[in-house]
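The values are calculated or read from the model by the stated rules, or taken from the named source; none is laboratory data. This is a predicted model, so every value here is computed, not measured. Cβ sites come from the backbone with ideal geometry, for glycine too, and all protein chains shown count toward neighbours.
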Amino acid sequence: MSVVQHLLEELRREAASTRRVMERIPEASLTWKPHAKSMSLGQLALHTAGLPGGLAVMLNALEREVPTVPLPEAGSVAEILAVLEEQAAIAEDRIRSWGDEGLRETFRWTLQGAVLSETARLEQVRSVLFNHWYHHRGQLTVYLRLLDVPLPGIYGPTADE
């Protein structure tokens, strides 16, 4: 199986897990924050939903300036789920279009023109796209736990199941 096929399977599996978490978000709590310095639940969920496609688009060019990331508030859980579906499809399309050869190409992050990192695009997909996505999904589960929302299984059953 090609690297691309492995990544696509992971993307689909993790999108489904992320969807299960996001389906549990209480609409009435979208503006809730666990701490004054934290994103609101709606901001975090919308950011998490947009990561796969947004980062895949950024990784399409072989050099990218580190962006400033806006954190808009989600208006509804339906909006969050729609963004997740759309962005997961964009990520799937980008990964498929790169192929194994494109994943081996060198990608550079820059800041004010200075190179911050230079690695194979595959490493960026693993760390910046997937691991970053999982990190924020993990934050979402903490937010939900603090709101006493039963958690779905991600890599196995939870105490709530």
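Taking the listed residues 118, 123, the one that is at pLDDT 95 or above, under 16 Å from the mean Cα position of the chain (by Cα), farther than 17 Å from residue 49 by Cβ and surrounded by fewer than 16 Cβ atoms within 10 Å (Cβ to Cβ) is 123, with no other qualifying.
Scan segment 70-111 for residues that are surrounded by 14 or more Cβ atoms within 10 Å (Cβ to Cβ), aliphatic (A, V, I, L, M) and outside any helix (DSSP H, G or I) and the total you get is 1. Filter segment 135-161 for residues that are assigned to a loop (DSSP other than H, G, I, E, B), surrounded by 13 or more Cβ atoms within 10 Å (Cβ to Cβ) and either touching a Cys at 6+ places or on another chain (Cβ under 8 Å) or in contact (Cβ under 8 Å) with a residue 60 or more places away in the chain (or both) and give the result. Result: 147, 149, 151, 152, 154. Residue count for segment 78-115, restricted to those that are aliphatic (A, V, I, L, M) and under 15 Å from residue 64 (Cβ atoms): 3. Residues to consider are 141, 119; find the one that is farther than 14 Å from residue 14 by Cβ and among the polar types (S, T, N, Q). Going through 141, 119 in turn, the sole match is 119.
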